[in-house]
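Enquirer: My structure is below; once you've seen it, I'll send some questions.
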Amino acid sequence: MNLNRTMAAIVLAAILAASVPSMVLGSSSQLTDSLKLSVEKAAAAADAALKSRIIASFNELSSLLAQESALDGTIKNAHYGNEEAIIAVRKQITGIDADKVAQLEKKLQMTKDKYKPMFVLYSSVSGTKSATAEMRLAVQLAREDIKLKEKQLKAAKDEKARKIKDIRAILAGIDSVKVQIKSAKSALDIPKKRYSAEWSDFKQLLQKKEAKRTADSLSVLVSLTRQAIDQKKGIHTLELKISGIIAKARAQIPAK
């Protein structure tokens with residue numbers, strides 16, 4: 001049993017991981033000691049103002065890439081948590097009023113079983129003198145009792161269906177938020193491509209020790225990373241919005 005649960009968790013994790021495309025523009029791991037040394041050499045060959053600009057921009061890029069990496073982790077954790085929570089809530093809502101409905105079904109069946117011998121007897125004497133007024137009245141009351149319990153069961157099932165429908169309507173609000181997230185991730189494709197191209201140019205400029213163009217390239221990388229962080233903050237806000245919708249849906253589930 002534990003093995004089954006473990007395997008299910010592994011499969012779920014794989015599915016969730018596959019559903020979250022990489023959004024990272026750059027990575028702090030790109031900033032190797034060798035690269036840092038190349039930046040320092042490029043800065044050393046420049047005048048004081050340009051040197052200061054290169055060092056400041058490189059340090060800022062390092063900080064921004066670390067922030068971006070942390071934000072990516074936060075977004076993924078929020079996404080995984082939301083997906084797991086949605087699965088849990090959908091499972092929970094199928095059990096709404098399950099005990100109540102089961103008890104009413106049992107009560108109805110017990111009532112039918114209780115009156116069955118009388119119905120069989122009445123069926124055998126119906127239309128004869130043996131079918132007394134008292135027996136007919138007892139059969140009528142028995143049928144009314146059964147109808148009452150059938151009505152109670154139907155009402156409970158209808159109420160269960162209404163509750164589930166209302167909660168699913170709340171969860172349906174997640175779909176539009178996911179569309180917004182997908183759109184936001186797609187919008188990151190442009191800066192991702194620009195960052196990749198600019199990063200390649202930046203490394204070439206370092207080798208050529210072109211200080212001015214190196215500084216300009218660093219400024220572009222900083223700008224693109226800031227842009228990515230801003231967009232990802234928006235994605236994180238949308239994931240939090242989904243968390244809020246899930247919480248609202250969960251609050252509608254009656255406590256057992």
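The values are calculated or read from the model by the stated rules, or taken from the named source; none is laboratory data. Remember, it's a predicted structure, so these values are computed and weren't measured experimentally. Here the Cβ is made from the backbone with ideal geometry for all residues, glycine too, and neighbour counts use every protein chain on show. Note: areas computed on protein heavy atoms with side chains; ligands, DNA, RNA excluded. Shrake-Rupley method; radii C 1.70, N 1.55, O 1.52, S 1.80 Å.
Enquirer: Between the stretch 179-256 and the stretch 53-128, how far is it from one alpha carbon centroid to the other, in angstrom?
Expert: 33 Å
Enquirer: Using +1 at the C-beta of Lys and Arg and -1 at the C-beta of Asp and Glu, which of Ile190, His236, Met118 has the Cα lying farthest in the positive direction of the dipole of the chain?
Expert: Projecting each Cα onto the dipole axis, the largest value belongs to Met118.
Enquirer: Just in the stretch 83-122: which chymotrypsin sites (Phe, Trp or Tyr not before Pro) are loop by DSSP and have at most 15 other Cβ atoms within 10 Å?
Expert: Nothing satisfies the criteria.
Enquirer: Here is a further query. Evaluate the distance, in nm, between pseudo-label points positioned 7 Å from the Cα of Arg194 and of Lys233 along their respective Cα→Cβ axes.
Expert: Distance between the two pseudo-spin positions: 1.8 nm.
Enquirer: Helix-only mean residue ellipticity at 222 nm, the chain, DSSP H runs n ≥ 4 weighted -39,500 (n - 2.57), per residue, nearest 500. What is it?
Expert: Computed mean residue ellipticity for the chain: -30500 deg cm²/dmol.
Enquirer: Note down the nm distance, to one decimal, between modelled labels 7 Å out along Cα→Cβ at Met135 and at Leu121.
Expert: Going from the Met135 label point to the Leu121 one covers 0.8 nm.
Enquirer: I've got another one for you. Roughly how many debye, to the nearest 20, is the charge dipole of the chain about its Cα centre, given +1 on each Lys and Arg Cβ, -1 on each Asp and Glu Cβ, and no other charges?
Expert: 1040 debye
Enquirer: Continuing with the same structure: Enter the accessible area per residue of the chain (Å², integer; probe 1.4 Å; all protein chains in place).
Expert: Computed with neighbouring chains in place, this is 60 Å² per residue.
Enquirer: Please compute the modelled spin-label separation between Val179 and Glu105, points set 7 Å along Cα→Cβ, answer in nm with one decimal.
Expert: That separation, rounded to one decimal, is 3.7 nm.
Enquirer: Which order do the peptides 58-64, 123-129, 213-219, 158-164 take when ranked by the mean count of other beta-carbon atoms within 10 Å per residue, highest first?
Expert: Result, highest mean first: 213-219, 58-64, 158-164, 123-129.
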